[in-house]
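Trainee: Structure in structure tokens, see below.
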Amino acid sequence: MSSGNINSVAVVGVSEHGPLNAAHSKVGAQNGTGTLGKPIVQELVAQGFQVTVLSRSNKQDDLPKGVVVKAVDYDSLDSLKTTLAGQDAVVSTIASPAVGPQQQNVADAAYASGVKRFIPSEFGINTRELQGLKIAQILAGKTKLVDDLQKKAGENKNFTWTGISNGLFFHYFGFDAKAKKATIYDSGNEPFQTSSLGLIAKAVASVLKHPQETANKYLSVASFQPSLNEILKIVEDETGAKWTVENVSTQDLQKTGEEKLSKGDFSAFRELLRVHIHRDGDGHSVPVGALANGLLELPEEDLRDSIRKWLG
């Protein structure tokens, strides 16, 4: 992947402002104003990328100056191809329920439009390691898409992809600060992968800054890998109070999730995700040596400081 080729794509039909020598100087962020999309857009802009947000509407509030918003029909390949023409990279932050047909259409259009790098909407648990698990049925669209991206990259050396697993969003660890209530699954001693939205956004930007090192790879990052009991101790220290603890069995959660799933109810994801992350002995935290934090030059974050900010 030569920087010269990418520079030439970056200037097609766009403003001359921005890092024209960057590896991926124009980035399309699909559904870029959601929970994760907005921090990603802000980080990309801060790092000098020219950002276009794709949306069903061309009206988006609270976006950084310079972001272009383009209305697009996700069900129309022609509409997507027209919109993505000239983009170097596509970052998808589309929500899980729609990762099937819609995200596949975006990937197909990106491939047909000459996009160099596609970052799919993984941004959670590692979907490459779910073989034989019930939760895999819910995330089948993600798994299928990455399989397809691998196939596309094998057929065209100019097309690349990067998957990013960040575990649980940090602020979703399931404690209620207002009520001082903590939910502890099983023993509460199982470490789990979790990342702040800011770290995830920096990971996305860094992937695009390191195209050769990250091409066609599935990377794992984490702000922290604590246990729920570690978090409980810190919140009690910081608030100076004992919290009410609700103990939940992942065996019961698994049963509830499977019952929902048998009825086609994909809200089972909530239960099955907690089982996957917190069940004693499952070992789904990431070995430190397997994390891409160093490769992506991500900053270190402090767990106690992050919890203080969460407590407000």
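Trainee: ARG270 is checked against (1) touching a residue at least 60 places away in the same chain (Cβ under 8 Å); (2) part of a helix (DSSP H, G or I) and fails just one. What number does that condition carry?
Mentor: So ARG270 meets the others, but not (1).
Trainee: Would you mind listing the helices (runs of 4 or more DSSP H) fully within the stretch 4-121 where at least 2 residues are at pLDDT 85 or above, of a type outside the set (S, T, N, Q) and under 19 Å from the mean Cα position of the chain (by Cα)?
Mentor: Ranges flagged: 37-46, 101-112.
Trainee: Considering only residues of the stretch 122-161 that are part of a helix (DSSP H, G or I) and of a type in the set (Asp, Glu), which is modelled with the lowest pLDDT?
Mentor: Once the filter is applied, the top-ranked residue is GLU129.
Trainee: Return the residue satisfying two criteria in turn: it lies in the stretch 168-180 and is part of a loop (DSSP other than H, G, I, E, B) and at pLDDT 95 or above, and of such residues it is surrounded by the fewest Cβ atoms within 10 Å (Cβ to Cβ).
Mentor: Checked the stretch 168-180; the qualifying residue surrounded by the fewest Cβ atoms within 10 Å (Cβ to Cβ) is LYS178.
Trainee: Give me a count of the residues in the stretch 281-293 that are part of a loop (DSSP other than H, G, I, E, B) and within 18 Å of the chain's Cα centre (by Cα).
Mentor: Residues flagged as part of a loop (DSSP other than H, G, I, E, B) and within 18 Å of the chain's Cα centre (by Cα) within the stretch 281-293 amount to 6.
Trainee: Being modelled with pLDDT under 95 and farther than 20 Å from ARG270 by Cβ narrows it down to one residue among PRO191, PRO226, PRO211; which is it?
Mentor: Testing whether each residue is modelled with pLDDT under 95 and farther than 20 Å from ARG270 by Cβ leaves just PRO211.
Trainee: Filter the helices (runs of 4 or more DSSP H) completely within the stretch 197-246 down to those with at least 2 residues that are of a type outside the set (Val, Ile, Thr) and in contact with a Cys (Cβ under 9 Å, 6 or more places away or on another chain).
Mentor: Correct list: empty, since no element meets the threshold.
Trainee: While we're here: Suppose we keep only residues that are in a helix (DSSP H, G or I) and among the polar types (S, T, N, Q) within the stretch 247-261. Which one would you say is nearest to TYR185 (Cα to Cα)?
Mentor: Out of the qualifying residues, it is THR250.
The values are calculated or read from the model by the stated rules, or taken from the named source; none is laboratory data. Note that the structure is a prediction, hence the values are computed from the model and not measured. Backbone-built Cβ (ideal geometry, glycine too); neighbour counts: all protein chains shown.
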